[in-house]
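After the structure tokens below, expect a handful of questions from me.
The values are calculated or read from the model by the stated rules, or taken from the named source; none is laboratory data. Just so it is clear, the structure is predicted and the values come from calculations on it, not from any experiment. Glycine also receives a Cβ, built like all others from the backbone with ideal geometry; neighbour counts cover every protein chain displayed. Protein only, heavy atoms only, side chains kept; ligands, DNA and RNA dropped before computing areas. Shrake-Rupley method; radii C 1.70, N 1.55, O 1.52, S 1.80 Å.
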Amino acid sequence: MTSTLPVAVPAGPGQQPGPGGRRPLGKSLLARVRPWMLLTPALLVLAVLLLWPLVRVALFSLQDYGLKEIVSGEPNWIGLANFGEIFTSEQLWAVVLPNTVVFAVLSVSFTVIFGTAVAVLLASLGRVWRTIVSSAIMAAWAMPAVTGTYVWVWIFDADRGVFNHVLQSLGLQDAPVNWFTDRWSFYAIVLLNVVHHGFPFVAITVLAGLLGVPKELLEAAEIDGAGAWRRFFSVIVPQLKQIFAVVIILSTIWDFKVFAQVYLMPGGAGSNREVLNLGVWSYTESFGQNRYGFGSAIAVLLTLLLLGITVAYVRTILKEEEL
């Protein structure tokens, strides 16, 4: 009659097995806690630099906070009154929210489409030309938003702008036009600015994914008779779903809270109320009108809007992966 002997479980590196080959409870707990101990300094820095300012803005949004409260240091709690004023404001529904949402949808769409097209072009080039062109387009991304905005302001300037000069030289207009006074032409210029500044990130990110797509899949699809468009949408896009999710989420966050590209345009700092978006509206109400509580409430609304969009999009992506 044979007897069964217990099998000892080998201990991990640097650990002594306990009775019966089991790992000691204290060391097992330490192994689980050690990563968090290493992350604690960075998490504390992030909490001080990011979390606490967010908490302060949320607290300000519940107060009637202005110069009087800054001097006295006494809070003036008014609950959700600031949010009530925001949601009953005609400025929000007629101007600010349409400007913010429509512009974000258009800018994200054009940035991702144009960036993807550039990535496909780069993938078709040789290594030398790919490096040269990639370095050239990255100069647009490295350019500060302030500098890029002033370049576009100069291009469309009513008196000395290149755009007006070209149109007059071609006989398409008789006199210079101030393109910054009209709401639609104003945001068309902002759209050009944002797409020009944002497409290099999309192009380089998508290019990295394109170079990682197995060539066997593309060759098999081509043998089956799939054309270039069919191969792109049926083979490449599914392979790059995660990459597109990242660039779309990041582009949405950046374009919803776009500030400098609007604020630095003529009339964008608040003098032209027809071109306000949520970011500029929050700034002008806070530092232009000294209504820091009301401006903080607008900032909280923008943060919640971005958070809701991001969560909804990520959940959609995760559900598609489960199917």
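Using a Gaussian network model of the chain whose springs link C-alpha atoms within less than 10 Å, name the residue from THR147, THR111, THR252 with the highest mean-square fluctuation.
THR147
Of the listed values (1) 65; (2) 52; (3) 56, grab the one calculated as percent of Cα pairs over 26 Å apart from the structure here.
(1)
Take the Cβ-Cβ distance between HIS165 and ALA208 as r, set R0 to 30 Å, and report the resulting FRET efficiency rounded to the nearest 0.05.
Numbers: r = 40 Å, r/R0 = 1.34.
Approximately 0.15, to the nearest 0.05.
Under 8 Å for C-alpha pairs, at least 6 residues apart: give me the relative contact order for the chain, rounded to a whole percent.
Details: 311 pairs, mean separation 78.4, N = 323.
About 24 percent, as a whole number.
Now a separate question. Using a probe of 1.4 angstrom, how much of the accessible area of region 145-273 is carbon and sulfur, in percent?
Here it works out to 65 percent.
For a paramagnetic label modelled at 7 Å from the Cα of LEU250 toward its Cβ, which residues of region 275-319 fall within the zone defined by backbone nitrogen distances under 15 Å?
What the label zone holds, given the 15 Å backbone N cut-off, is no residue at all.
Which length gain, in nm to one decimal place, applies between ILE78 and ARG230 when the Cα-Cα distance is subtracted from 0.36 nm times their residue separation?
Additional length available on full extension: 48.9 nm.
Would you mind getting me the FRET efficiency between TYR313 and LEU29? Use the beta-carbon distance for r and R0 = 56 Å, nearest 0.05.
Numbers: r = 37 Å, r/R0 = 0.66.
According to the calculation, E is roughly 0.90.
Also: Return the single residue from GLU85, GLU219, GLU274 with maximal mean-square fluctuation; model: Gaussian network over the chain, springs between Cα atoms under 10 Å.
Ranking GLU85, GLU219, GLU274 by mean-square fluctuation puts GLU219 first.
Can you pull the one-decimal nm distance between simple spin-label points at VAL120 and THR147, each 7 Å off the Cα toward Cβ?
Placing both labels 7 Å along Cα→Cβ, they lie 3.2 nm apart.
Let me ask something else about it. Can you tell me the FRET efficiency between ASP182 and THR88 if r is taken as the Cβ-Cβ distance and R0 is 35 Å, rounded to the nearest 0.05?
The formula returns an efficiency of 0.80 here.
Grab the DSSP H runs of the chain that are 4 residues or longer, score each as -39,500 (n - 2.57), total them, divide by all residues and round the 222 nm result to the nearest 500 deg cm²/dmol.
-20500 deg cm²/dmol
To continue, here is another question. Enumerate the calculated ³J(HN,Hα) couplings along region 272-280 in order (Karplus 6.51 cos²θ - 1.76 cosθ + 1.60, θ = phi - 60°), each rounded to whole Hz, writing x wherever the residue is Gly or Pro.
9, 5, 7, 10, 5, 10, 4, x, 6
Please give the helix 97-123 orientation as an angle from the longest Cα principal axis of the chain, in degrees from 0 to 90, rounded to the nearest 10.
Roughly 60 degrees between the two axes.
Calculate the length of the line joining the C-alpha centroid of region 98-145 to that of region 217-276, in whole Å.
Using only Cα atoms to place each centre, the spacing works out to 9 Å.
To continue, here is another question. So with the 1.4 Å probe, I'd like the accessible area per residue for the chain, rounded to whole Å².
With all protein chains present, the chain gives 61 Å² per residue.
Follow-up. Considering Cα pairs under 8 angstrom that are at least six residues apart, work out the relative contact order of region 36-86 and quote it in whole percent.
29
Turning to a different aspect of this structure: So what's the net charge close to LYS68: Lys and Arg +1, Asp and Glu -1, counting the other residues with Cβ under 15 Å from its Cβ?
Taking every other residue near LYS68 into account, the sum is -2.
Would you please give the residues with an amide H less than 5 Å from that of GLN63, counting only those at least 5 places away or on a separate chain, with H modeled from the backbone geometry?
Sorted by chain and number, the residues that satisfy this are ILE78.
For the chain, with a Gaussian network of springs between Cα atoms less than 10 Å apart, report the residue from VAL33, VAL55, VAL108 with the top mean-square fluctuation.
Its mean-square fluctuation being the largest, the pick is VAL33.
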